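Chemist: Structure in structure tokens, see below.
Here, each number is a calculation from the coordinates, and none is a lab measurement. These figures come from a predicted structure and were not determined experimentally. Here the Cβ positions follow ideal geometry from the backbone for every residue, glycine too, while neighbour counts run over all protein chains shown.
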Amino acid sequence: MSFDLTTPVNTALLLYILYTVQRILFPSNSVPSTVPIEFKSGYSWMPKSHPPTLLFKTYTPKTLEPFNGEEGKRILLAIKGVVYDVTAGRNFYGPNGMYANFAGRDASRGMAKQSFDVEMLTPIDQPLDKLEDLTSEEIESMKGWMDHFSSKYIVCGRLVENDAT
Ligand code: HEM
């Protein structure tokens, strides 16, 4: 049986083989006309929007307080002057969370005394809690929490007195 190029099927087959060989030998490296914005296939992926930026800032008890996670907003809390962005722990600190009292507040005393009672919090219009009455055990407990928070969340600021900014 001979390979008859005059038949349309064989001509089409030959053209297809030539095209395939050409694609293998000279792969296209042109830039795609549209930039992919989400995962579809292959490895081209970009997020739909830029993630929110996080600036290291100085907070006071009053400016920290709005970051209590209400209406889906960010959640910050402070321990011994260090402000952590705990938004990722919304289940813990969000409005219905077990530790919601700490959201937007100086949580130092509660972390030291292992208590999330509201009495652990200093009213936001008063000077920062000096923590001078804490026992060494309580200070260790607070530092343990700071290690936990530093390894899990982003440090995004420091907490100073209301009149210091
Ligand atoms: C009633 C007793 C308590 C129970 C059953 C409890 C339970 C838990 C559980 C299950 C976790 C999650 C652990 C994980 O997934 O890593 C957790 C984390 C935590 N607990 Fe408690 N807890 C209790 C009391 C307290 C108290 C009194 C405090 C006060 C400081 C506290 C502060 C925390 C904090 C700060 C976290 C870490 C959350 C995070 O990683 O962002 N817990 N607790």
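Chemist: Compare the Cα positions of Ile75, Pro51, Gly157 along the charge dipole of the chain (+1 at Cβ of Lys, Arg; -1 at Cβ of Asp, Glu; about the Cα centre) and return the one farthest towards the positive end.
Modeler: Pro51
Chemist: Same structure again: Got the relative contact order for the chain handy, in percent, Cα pairs under 8 Å and 6 or more residues apart?
Modeler: Relative contact order of the chain: 23 percent.
Chemist: Only loop residues by DSSP count here, and only those with at most 16 other Cβ atoms within 10 Å; note down the GluC sites (Glu not before Pro) in segment 87-149 that meet that.
Modeler: The qualifying sites are Glu132.
Chemist: Need the full-extension length gain, Asn10 to Asn91, defined as separation in residues times 0.36 nm minus the C-alpha distance. One decimal, nm.
Modeler: On the way: separation 81, 0.36 × 81 = 29.16 nm, distance 6.61 nm.
Taking Asn10 through Asn91 to full extension adds about 22.5 nm, to one decimal.
Chemist: Ser33 to Thr58: extension gain in nm, 0.36 nm per residue of separation minus the Cα-Cα distance?
Modeler: Details: separation 25, 0.36 × 25 = 9.00 nm, distance 4.45 nm.
Full extension of this stretch gives 4.6 nm more.
Chemist: Using 0.36 nm times the number of residues separating Asp117 and Ser151, minus their current alpha carbon distance, what extension gain do you get?
Modeler: Using 0.36 nm per residue and subtracting the Cα-Cα distance, I get 9.8 nm.
Chemist: Another one. Of the chain, which part is the longest with no chymotrypsin sites (Phe, Trp or Tyr not before Pro) in a loop (DSSP not H, G, I, E, B) and with at most 14 other C-beta atoms within 10 angstrom?
Modeler: In the chain, the maximal stretch lacking such sites is 57-165.
Chemist: While we're on this one: Based on alpha-carbon atoms only, what is the radius of gyration of the chain relative to the globular estimate 2.2 N^0.38 Å?
Modeler: On the way: Rg = 30.0 Å, N = 165, 2.2 N^0.38 = 15.3 Å.
So the Cα radius of gyration is 1.96 times the expected 2.2 N^0.38 Å.
Chemist: Once you place label points 7 Å from the Cα toward the Cβ at Glu70 and Val160, how far apart are they in nm?
Modeler: With each label point 7 Å from Cα toward Cβ, the separation is 2.7 nm.
Chemist: Relative to the Cα centre, what is the charge dipole magnitude of the chain, using +1 at the beta carbon of each Lys and Arg, -1 at the beta carbon of each Asp and Glu, and rounding to the nearest 20 debye?
Modeler: Once rounded to the nearest 20, the dipole reads 820 debye.
Chemist: Within a Cβ distance under 15 Å of Ala112, other residues only, what is the Lys/Arg minus Asp/Glu net charge?
Modeler: With Lys, Arg at +1 and Asp, Glu at -1, the neighbours total -4.
Chemist: Just going by the charge dipole of the chain, with Lys and Arg at +1 and Asp and Glu at -1 on Cβ, which of Gln22, Gly104, Trp145 is farthest out on the positive end?
Modeler: Gln22
Chemist: Let me ask something additional. Between 0 and 90 degrees, rounded to the nearest ten: what's the tilt of helix 136-152 against the longest Cα principal axis of the chain?
Modeler: Compared with the principal axis, the helix lies near 20 degrees.
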